[in-house]
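What follows is calculated from the coordinates using simple rules that are stated; it is not laboratory data. No experiment lies behind these values; they were computed from the predicted model shown. In this analysis, Cβ positions are derived from the backbone assuming ideal geometry, glycine residues included, and neighbour counts consider all displayed protein chains.
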Amino acid sequence: MSRATGRPAVLRPLHAEWTKLRTLHSTWWLLAATAVLTVAVGAAAAASVGAGVCASAAGCREDTVKLSLTGVWTGQATALVLGALSMGAEYGTGTIRTTLAAVPHRAVLLASKAAVLAGATTAAGAVAVAASLAVGRLILPGDVFTQESGYPLPSPTDGPTLRAATGSVLCLALVALLGLGLAALFRDSAGGITAGLALLYVVPLLAGLLGDPDWKERLERWAPMPAGLAVRSTTDLSRLPIGPWPGLGVLAAYTLGILLVATAAFRTRDA
């Protein structure tokens with residue numbers, strides 16, 4: 001234990017990284033933006049489906065939980081930016097050398113950054129997802145999606161809803177870690193953000209443009225965003241290109257792979 005800090009040595013890198021993350025001006029704005037975007041887009045999606053769109057609940061066949069969690073699709077963009085800035089900002093200001101002097105074990109440093117970032121994003125994601133489901137409970141019933149018509153209100157006590165909610169929070173945290181890994185690999189926030197946004201949004205766009213349905217399905221199954229977002233689904237799971245947990249596993253594999261490559265590169269170069 002350090003006499004200067006009264007804190008076990010293993011916790012000092014975590015404390016240092018938490019101090020840096022919470023004092024980064026953009027952190028709180030990006031965490032708030034993640035929550036607000038997730039809730040706002042989910043509310044807009046829920047409000048857009050009503051009697052004017054669906055004559056009956058049976059005819060609409062809507063997954064109301066997935067609809068309430070539509071905003072995760074946009075919230076992950078700000079989570080990615082936060083992850084990239086948590087690493088890239090030190091390269092931009094040149095303070096990475098000071099950090100490495102204080103914590104020379106680079107794998108420990110990167111692991112500490114990842115742990116702190118994952119904790120902050122998970123907390124913001126939990127608030128966003130819970131609020132999205134609560135807003136969905138208020139908006140969705142209307143004239144169509146009532147309990148009488150076979151659409152119970154989204155509730156975390158329901159197994160599929162709890163899985164979708166938990167998976168959506170994990171999805172946001174994994175995307176933030178993806179941004180961290182890419183920024184560490186490129187040693188630049190802009191490079192990490194650009195590469196991350198391309199992985200998340202450009203690849204699915206290309207899948208939509210493909211004329212070959214087999215290749216389209218392959219991209220939807222193995223690209224990080226469409227696969228990861230499958231975890232929001234609670235109905236008609238057999239129609240999905242990939243199941244909810246396997247899809248989240250694909251996103252986790254991308255994130256882990258990039259973090260491992262970034263760690264290897266981080267340990268072999270000057271800074």
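Key figures for this structure:
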read-out	value
Hey, G211 farther than 19 Å from V261 by Cβ and surrounded by fewer than 16 Cβ atoms within 10 Å (Cβ to Cβ) or not	yes
Cβ-Cβ under 6 Å pairs, at least 6 apart or on other chains, the range 18-41 side aromatic (F, W, Y), far side assigned to a helix (DSSP H, G or I) and surrounded by 19 or more Cβ atoms within 10 Å (Cβ to Cβ)	W18/V116
Qualifying residue in the range 186-196 (condition: under 13 Å from the mean Cα position of the chain (by Cα) and within 13 Å of Y254 (Cβ to Cβ))	yes
Selection status of G191, surrounded by fewer than 20 Cβ atoms within 10 Å (Cβ to Cβ) and either part of a helix (DSSP H, G or I) or free of Cβ contacts under 8 Å to residues at least 24 places away in the same chain (or both)	yes
Pair list, Cβ under 9 Å, 6 or more apart: the range 163-182 residue assigned to a helix (DSSP H, G or I), other residue surrounded by fewer than 24 Cβ atoms within 10 Å (Cβ to Cβ) and aromatic (F, W, Y)	R163/W245; G167/W245; L174/Y254; L178/Y254
Search result, residues across the range 23-42 that are of a type outside the set (A, V, I, L, M, F, W, C) and crowded, with 18+ Cβ neighbours inside 10 Å	T27, T34, T38, G42
Members of the range 229-271 found to be within 18 Å of L197 (Cα to Cα), small (G, A, S) and in contact (Cβ under 8 Å) with a residue 60 or more places away in the chain, listed by number	A252, A262
Considering residues of the range 216-255 that are over 17 Å from the mean Cα position of the chain (by Cα) and not in a helix (DSSP H, G or I) only, the residue farthest from D158 (Cα to Cα)	P241
Residue check, I258 outside any helix (DSSP H, G or I), touching a helix residue (DSSP H, G or I) at 6+ places or on another chain (Cβ under 6 Å) and aliphatic (A, V, I, L, M)	no
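Conditions tested, residue by residue: (1) in contact with a Phe, Trp or Tyr (Cβ under 7 Å, 6 or more places away or on another chain); (2) closer than 21 Å to L178 by Cα; (3) in contact (Cβ under 8 Å) with a residue 40 or more places away in the chain.
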{"residue": "R97", "(1), (2), (3)": "no, no, yes"}
{"residue": "P104", "(1), (2), (3)": "no, no, no"}
{"residue": "K113", "(1), (2), (3)": "no, yes, yes"}
{"residue": "T121", "(1), (2), (3)": "no, yes, yes"}
{"residue": "V129", "(1), (2), (3)": "no, yes, yes"}
